[in-house]
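The values are calculated or read from the model by the stated rules, or taken from the named source; none is laboratory data. Fair warning: this is a prediction, and the values are worked out from it, not measured in the lab. Cβ: placed from backbone, ideal geometry, glycine included. Neighbour counts: every protein chain shown.
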Amino acid sequence: MLENCILLSLFAKENLAHMSEEQLNHYDRLINEPSNDWDIYYWATEAKPTPAEFDTDVMAMLREFAKNRNREQRLRQPDLEYLFEPPR
């Protein structure tokens with residue numbers, strides 16, 4: 001679904017390069033195991049409680065990211081060129 005594509009791709013762009021191996025494993029599990037994309041969106045936006053098996057530090061990071069406290073425009077997924085840039 002588009003909402004998750006935008007949310008998760010922008011989150012990945014901002015965070016993946018700085019995550020530990022354990023956090024990367026939690027992120028991989030989060031984006032691959034739930035069978036319903038809406039669940040991830042509801043958990044990230046706190047519309048529904050996150051089940052214990054997905055309530056990790058990465059989910060907390062995603063929930064905080066979803067709040068968009070800086071009021072950034074998040075209208076589309078990032079271009080993939082960032083994958084070839086050195087980490088900041």
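The table below gives the values:
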read-out: Residues of region 9-49 satisfying the condition of being under 15 Å from LYS67 (Cβ atoms) and not charged (D, E, K, R); value: LEU10, PHE11, ASN15, TYR41, TYR42, TRP43, ALA44, THR45, ALA47
read-out: Failed item, numbered, when MET61 is tested on (1) of a type in the set (A, V, I, L, M); (2) over 11 Å from the mean Cα position of the chain (by Cα); (3) at pLDDT 95 or above; value: (2)
read-out: Long-range neighbours under 6 Å by Cβ, at least six apart or interchain, first residue in contact (Cβ under 8 Å) with a residue 12 or more places away in the chain within region 1-28, second hydrophobic (A, V, I, L, M, F, W, C); value: ASN4/ILE40; PHE11/LEU62; PHE11/PHE65; GLN23/VAL58; HIS26/VAL58; TYR27/VAL58
read-out: In region 1-18, the residues that are within 12 Å of the chain's Cα centre (by Cα) and either closer than 22 Å to GLU85 by Cα or at pLDDT 95 or above (or both); value: CYS5, ILE6, LEU7, LEU8, SER9, LEU10, PHE11, ALA12, LYS13, GLU14, ASN15, LEU16
read-out: Filter pass, GLU21 being at negative phi and not basic (Lys, Arg); value: yes
read-out: The one condition in (1) touching a Ser or Thr at 6+ places or on another chain (Cβ under 7 Å); (2) loosely packed, with under 13 Cβ neighbours inside 10 Å that MET1 fails to fulfil; value: (1)
